[in-house]
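Asker: Structure incoming, see below.
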Amino acid sequence: MKISLTKVGKRFNSEWIFRAFSYEFRAQTSYAITGPNGSGKSTLLQIIAGATMFNEGTIDYYNDNQIPGEEVYNYVSIAAPYLELIEEMTLLEFLNFHKQLKSLRKDVNIPMIIKMIGLEKAAHKQIRYFSSGMKQRVKLAQAIFSDVPVVLLDEPNTNLDLDGIDLYHQLINDYCKDRLVIVSSNDKSEYDFCEEIIDIGRYK
């Protein structure tokens, strides 16, 4: 999978968040998008995911052949603090529902996932009763265990305790080395494994 951005810009009203952003994201490579608060890290990640429109430039997606923009969601998963879970569902119900939208990697199943993220005792509990850290574990799981070539992570350690941060790094090490990973963060502990660092603040 390859994602190529050419002179991409995004503005809110008359204010440009970033402009003339050109970059090629390649398969089996990890990237970090860094920059001050308000510089557009999360916005750029959402643009790459196909969830937010941009105002100028082009984005091309390739997986052997070029992928139409409206089909990008089939190739990308994302975890972010602002994306909500379905809180009326139990963890087991949610993961089974998510599996219908995006297939799981072939090397895992739902009981394995629940055990790996340490939530066996909460499998039948509604997600609305989860702590913020438990919810973040679920968000990471639904992104990392989806069978897609691109994983996008926005501030992935949000609300995690030390055990949760260790879990995050273990999941990255075990399940993301063969994928294109992009992390949006100012916290080096969230992206210290990334091979390329992009300062979005340079594109003003």
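Asker: Taking PHE130, is it modelled with pLDDT of 95 or more, aromatic (Phe, Trp, Tyr) and touching a Lys or Arg at 6+ places or on another chain (Cβ under 7 Å)?
Answerer: No.
Asker: For the stretch 1-106, please list each of the strands (runs of 3 or more DSSP E) lying entirely inside it that holds at least 1 residues being over 18 Å from the mean Cα position of the chain (by Cα).
Answerer: Of the strands (runs of 3 or more DSSP E) lying wholly inside the stretch 1-106, those with at least 1 residues that are over 18 Å from the mean Cα position of the chain (by Cα) span 2-12, 15-25, 56-63, 65-67.
Asker: Separate question: Identify the single condition in (1) free of Cβ contacts under 8 Å to residues at least 60 places away in the same chain; (2) of a type in the set (D, E, K, R); (3) more than 21 Å from ALA27 (Cα to Cα) that LYS139 does not satisfy, given that it satisfies every other one.
Answerer: Status for LYS139: all satisfied but (1).
Asker: When you check SER30 against the structure, is it under 27 Å from ASP174 (Cβ atoms) and touching a Cys at 6+ places or on another chain (Cβ under 9 Å), yes or no?
Answerer: Working: under 27 Å from ASP174 (Cβ atoms): yes; touching a Cys at 6+ places or on another chain (Cβ under 9 Å): yes.
Yes.
Asker: Are there any pairs with C-beta distances below 6 angstrom linking a residue in the stretch 6-30 that is within 24 Å of TYR191 (Cβ to Cβ) to a residue that is of a type in the set (Asp, Glu) and outside any strand (DSSP E or B), with the two at least 6 apart or on different chains, and if so which?
Answerer: Sorted first by the residue in the stretch 6-30, then by its partner, the pairs are GLN28/ASP178; THR29/GLU195; SER30/GLU195.
Asker: When you scan the stretch 82-97, do you find a residue that is surrounded by 15 or more Cβ atoms within 10 Å (Cβ to Cβ), hydroxyl-bearing (Ser, Thr, Tyr), closer than 25 Å to ILE182 by Cβ and touching a strand residue (DSSP E or B) at 6+ places or on another chain (Cβ under 7 Å), even just one? Walk me through how you get there before you give the answer.
Answerer: Here is the first cut: in the stretch 82-97, the ones surrounded by 15 or more Cβ atoms within 10 Å (Cβ to Cβ) are 85, 89-95.
Next, from what is left, pick out any that are hydroxyl-bearing (Ser, Thr, Tyr): 90.
Adding the requirement that they be closer than 25 Å to ILE182 by Cβ leaves none.
So far as the stretch 82-97 goes, no, none of its residues is surrounded by 15 or more Cβ atoms within 10 Å (Cβ to Cβ), hydroxyl-bearing (Ser, Thr, Tyr), closer than 25 Å to ILE182 by Cβ and touching a strand residue (DSSP E or B) at 6+ places or on another chain (Cβ under 7 Å).
Asker: Now a separate question. Just to be sure I understand, how many residues within the stretch 158-204 are out of contact with any strand residue (DSSP E or B) (no Cβ under 9 Å at 6 or more places or on another chain), buried (at least 20 other Cβ atoms within 10 Å of the Cβ) and at pLDDT below 95?
Answerer: The qualifying residues number 0.
The values are calculated or read from the model by the stated rules, or taken from the named source; none is laboratory data. Because the structure is predicted, anything quoted here is derived from the model rather than measured. Here the Cβ is made from the backbone with ideal geometry for all residues, glycine too, and neighbour counts use every protein chain on show.
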